[in-house]
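Engineer: Got a structure here, written out as structure tokens. Questions coming.
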Amino acid sequence: MSTQPETLLDVVDELTRPKFEQVAQLNDGKWLVRNVQVPALLELMRDAVTPSGEGNGGSGASKSTRAPVDLEALFEYAKMTSTAAGWAHGAGVRPTREPATDLRAWYSATLGDNTRADDWYRRHITGWVVIIRNKLVPPKSFEAKYPCPVCGTQAWGDQFNGGGSWPIEVRYRLDDDERMRDEVARCRFPACGVVWYGHDAVVELAEEATEKYGITAS
């Protein structure tokens, strides 16, 4: 069954709005289905990078018992926070440094702006969705068996990270219908490192590689 492509509002909602999921619970031999609210992705990311106890002034746990912080995730969240604040400021809205609030304020403030590049913003924000989901639930992956169409290399690696024959790695997860989603491709050649976020970008990558090299991913 075909689905409509995501709009800019769809991906903004994906980051900033909570969702409701139906959860089955066994009670006295009968399955009861309850609606459970799942926090928005930006809220989940904030909680994932906030050290234990920080939310209540640092009194919740001693330093020795706090979970280690994922510095890469913290860096990514900081970039999202800074970018959303910058967009809000540019749209004439006072930033709050809460990315979900700033992102929605920016979107509302620019609704009447005919010059807003919705497709660019949609792809950029889709990258945030992919980053957060990949942090929360590690994805599956495979190697695309063609050279990187940007740098042209056919292999990758260094003394620290090992290497392999094909530089492009595609990561994804499967939805309930076993369809790929949250795709992201990355060139692992250290001097390149180009990233393609989202289904559309990964499809365009495959099409470009097919046209340029005459081969398809497998």
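The values are calculated or read from the model by the stated rules, or taken from the named source; none is laboratory data. On a predicted model such as this, the values are computed, not experimentally measured, just so you know. Glycine gets a Cβ as well: all are built from the backbone with ideal geometry, and neighbour counts include every protein chain shown.
Engineer: Any residue in the range 129-145 that is surrounded by fewer than 20 Cβ atoms within 10 Å (Cβ to Cβ) and among the hydroxyl-bearing types (Ser, Thr, Tyr)?
Structural biologist: Yes: one or more hits.
Engineer: Is it the case, given these coordinates, that Asp200 is free of Cβ contacts under 8 Å to residues at least 24 places away in the same chain and out of contact with any strand residue (DSSP E or B) (no Cβ under 8 Å at 6 or more places or on another chain)?
Structural biologist: When the stated conditions are applied, Asp200 does not pass them.
Engineer: To continue, here is another question. Restricting the range 134-148 to residues that are among the hydrophobic types (A, V, I, L, M, F, W, C) and closer than 18 Å to Val203 by Cα, which is farthest from the chain's Cα centre (by Cα)?
Structural biologist: Applying the filter and picking the extreme gives Cys148.
Engineer: With the requirement that a residue be among the hydrophobic types (A, V, I, L, M, F, W, C) and exposed (fewer than 15 other Cβ atoms within 10 Å of the Cβ), what does the range 75-103 give you?
Structural biologist: Hits for the range 75-103 are Phe75, Ala78.
Engineer: Need pairs with beta-carbon distance below 6 Å; first residue closer than 11 Å to Asp47 by Cα and within the range 64-78, second part of a loop (DSSP other than H, G, I, E, B) and modelled with pLDDT under 85; sequence gap 6+ or separate chains.
Structural biologist: From residues that are closer than 11 Å to Asp47 by Cα, the pairs are Val69/Pro51.
Engineer: Take Lys145 and decide whether it is in contact with a helix residue (DSSP H, G or I) (Cβ under 7 Å, 6 or more places away or on another chain), farther than 22 Å from Thr7 by Cβ and in contact (Cβ under 8 Å) with a residue 60 or more places away in the chain.
Structural biologist: For Lys145, the condition - in contact with a helix residue (DSSP H, G or I) (Cβ under 7 Å, 6 or more places away or on another chain), farther than 22 Å from Thr7 by Cβ and in contact (Cβ under 8 Å) with a residue 60 or more places away in the chain - is not met.
Engineer: Sticking with this structure for a sec: With the requirement that a residue be of a type outside the set (Asp, Glu) and assigned to a loop (DSSP other than H, G, I, E, B), what does the range 107-133 give you?
Structural biologist: Selection gives Thr110, Leu111, Gly112, Asn114, Thr115, Arg116, Ala117.
Engineer: Met1: at pLDDT below 85, among the aliphatic types (A, V, I, L, M) and within 27 Å of Ile125 (Cβ to Cβ), yes or no?
Structural biologist: Yes: the conditions hold for Met1.
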